[in-house]
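The values are calculated or read from the model by the stated rules, or taken from the named source; none is laboratory data. Worth saying up front: this structure is predicted, and the values here are computed from it rather than measured. Here the Cβ positions follow ideal geometry from the backbone for every residue, glycine too, while neighbour counts run over all protein chains shown. Ligands, DNA and RNA are stripped out before the accessible areas are found, and what is left, the full protein with its side chains, is counted by its heavy atoms. Shrake-Rupley method; radii C 1.70, N 1.55, O 1.52, S 1.80 Å.
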Amino acid sequence: STCQVTYTTQSQWATGFVATVAVRNNGTAPISAWTLRFAFPGDQRITNLWNGTYVQTGAAVTVSHTGWNQLIPPGGSTWFGMYGASTASQPPPTTFTLNNTPCTS
C-alpha cells in the first residue's frame, strides 16, 4: 500500500479517550489535499480534533487536512490527535482509506 496509518490510544477511561493517528506516505509521489476515512468499531464519538478537520456520522469518520499539512511528501508523514467520548468499549479502528485508497494499519 502507498499509505500506512498508525492509530495510538494515548489514554482512556470509562467515558472517554485520547488518541493520535499518524498517516505515512509510502509511495513515490506526494499526496496532496488528503482525506482519511475510518469507522469506529465501538460507540466512540470525537469531541475535539487537532491538526485536521473532521465530520462524524454515526461510526463513520472523515478527517481532512488543514492548510498547513495538506501535502504529505514521499516517505513523509503527518498526524492528528483527538479527544473522544464513549459509553462502552473503545476498540481502535482497523480499516483506513486515504483519498479512497486502502492503507495498511
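Things to note:
Conditions (1) of a type in the set (F, W, Y); (2) closer than 20 Å to C103 by Cα; (3) touching a Ser or Thr at 6+ places or on another chain (Cβ under 8 Å); (4) at pLDDT 95 or above, marked per residue:
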{"position": "T35", "(1), (2), (3), (4)": "no, yes, yes, yes"}
{"position": "N48", "(1), (2), (3), (4)": "no, no, no, yes"}
{"position": "T53", "(1), (2), (3), (4)": "no, yes, yes, yes"}
{"position": "A60", "(1), (2), (3), (4)": "no, yes, no, yes"}
{"position": "H65", "(1), (2), (3), (4)": "no, yes, yes, yes"}
{"position": "W68", "(1), (2), (3), (4)": "yes, no, no, no"}
{"position": "G75", "(1), (2), (3), (4)": "no, yes, no, yes"}
{"position": "G81", "(1), (2), (3), (4)": "no, yes, yes, yes"}
{"position": "T87", "(1), (2), (3), (4)": "no, no, yes, no"}
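- Hits in segment 33-49 (condition: assigned to a strand (DSSP E or B) and open to solvent by less than 80 Å² (accessible area, probe 1.4 Å)): T35, L36, F38, A39, I46, T47, N48, L49
- For segment 1-32, the set of residues classified as touching a Cys at 6+ places or on another chain (Cβ under 9 Å) and assigned to a loop (DSSP other than H, G, I, E, B) consists of S1, T2, N26, G27, listed by residue number.
- Output for segment 14-32, where each listed residue is open to solvent by 10 Å² or more (accessible area, probe 1.4 Å), hydrophobic (A, V, I, L, M, F, W, C) and either modelled with pLDDT of 95 or more or touching a Lys or Arg at 6+ places or on another chain (Cβ under 7 Å) (or both): V18, A22, A29, I31
- Which numbered condition T87 fails, given (1) of a type in the set (S, T, N, Q); (2) farther than 26 Å from S1 by Cα; (3) free of Cβ contacts under 8 Å to residues at least 40 places away in the same chain: (3)
- Where N100 falls short, out of the listed (1) in contact with a Cys (Cβ under 7 Å, 6 or more places away or on another chain); (2) loosely packed, with under 13 Cβ neighbours inside 10 Å; (3) among the polar types (S, T, N, Q): (1)
- Segment 50-77 - residue that is open to solvent by 30 Å² or more (accessible area, probe 1.4 Å) and among the aliphatic types (A, V, I, L, M) and, of those, nearest to F17 (Cα to Cα): A59
- Hey, F80 within 10 Å of the chain's Cα centre (by Cα) and either open to solvent by 60 Å² or more (accessible area, probe 1.4 Å) or touching a residue at least 40 places away in the same chain (Cβ under 8 Å) (or both) or not: yes
- Screening the candidates Q90, Q4 for the property of being surrounded by 17 or more Cβ atoms within 10 Å (Cβ to Cβ) and of a type outside the set (F, W, Y) yields one hit, Q90.
- Checked against the criterion of being under 23 Å from P91 (Cα atoms) and aromatic (F, W, Y), segment 33-40 contains one or more residues that satisfy it.
- Options T57, T28, T66: the member that is hydroxyl-bearing (S, T, Y) and touching a residue at least 40 places away in the same chain (Cβ under 8 Å): T28
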